[in-house]
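One structure is given below, encoded as C-alpha cells.
Taken together, the values in this text are just the output of simple stated rules run on the coordinates, not laboratory data. Source: prediction; values computed, not measured. Here Cβ is always computed from backbone atoms with ideal geometry, including for glycine, and neighbour counts include all displayed protein chains.
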Amino acid sequence: MILQINNLRPKFTALCLIPLLWLCIDIAFDNLGANPTQALHIRLGDWSLRFLCLTLAITPVQAITKWRGMADYRQLFGLYAFFYASLHVLAYLLVDHALVWRMIGIDVIESPYIWFGVLAYIVVFLLALTSSKWAKKGMGKNWKKLHRFIYLAVVAAVVHYFWQLKGNLAEPLFYSIMVFLLLGFRVLAWVKNRQLNRMMIPTGKRVLALMEDDVGQETIRKRH
C-alpha cells in the first residue's frame, strides 16, 4: 500500500520542536541534574544527531515502504539537525565560555573531540544553507555532490560524541550502530545498482546487437 503523507508536514514541524520545549521546561524547573551545563550540551547534541539519523533513514524507509513525498521530510529533518546543532554550539559559546574567545581557542586546541564537532557543524551548516530549491537548481550536479557530505557529518558527530564521554558509552554506541546500518544500506544499494548496470547493455549497443542479429538470421535464410 502506497501512503500519502504530504499533509502531515505541519504536524511533523511542530513535533520536532517538542524536544526544545521539554528542555526549556527542565531548565525552568531546574531538572537538568547535578551538572546542568553538561546536560544542556548532551541533550541538544543528542537531538541534532537524532535528526541527522532521521535524515539518513528517509531513503531506506522510502525504498522499503514506497511512501511518497518522503524527500520533503529529508529536508525538514536536515534543517532541524542544523537547528539543534546551532543551539548546541551556542550553548558551548555562551553558557560554557561566555564568549571569552581566548578560553574557547584554548579549549578547542586542547580537546581534539571538538575538532570533529566543528567539522560536523560546518558540513551541516553548508547543507542547510543550500537546502532550498533555488540553491539546488543553481548548483546543478554540484548540489548532490555537496549533500553527500552528510555521511561525513554524521560520522564526525558520532566520533565527537563518543570521544567526549567517559564511563557510560551506551548511547554513543547505539548511535554508532544506527549510523553503521544506515550507511551499510546505502553501500548495499550502490553495489546492487552497480551489478545491475553491468548486466544491462546500453541502449545504443542493444539496438545495434538486434540489427546484427536480424542481418545474421536473414543471411542464414538466403543460404537455405
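Can you put Arg43, Arg194, Arg50 in order of Cβ neighbours within 10 angstrom, beginning with the fewest?
Arg194, Arg50, Arg43
In terms of the Cα gyration tensor, with a ≥ b ≥ c the square roots of its eigenvalues, is the stretch 111-163 rounded because a/c is under 1.5, prolate because a/b exceeds b/c, or oblate?
It comes out prolate by the Cα gyration axes.
Could you put Val100, Val124 in order, starting from the residue whose Cβ has the fewest other Cβ atoms within 10 Å?
So the ranking, lowest neighbour count to highest, is Val100, Val124.
Among Phe29, Ala71, Val89, flag the residue with its Cα farthest along the positive direction of the charge dipole of the stretch 6-169, charges on Cβ as +1 for Lys/Arg and -1 for Asp/Glu.
Highest projection toward the positive end goes to Ala71.
With 10 angstrom as the radius, rank Leu119, Leu173 by how many other C-beta atoms surround their C-beta, starting from the fewest.
Least crowded to most crowded, the residues run Leu173, Leu119.
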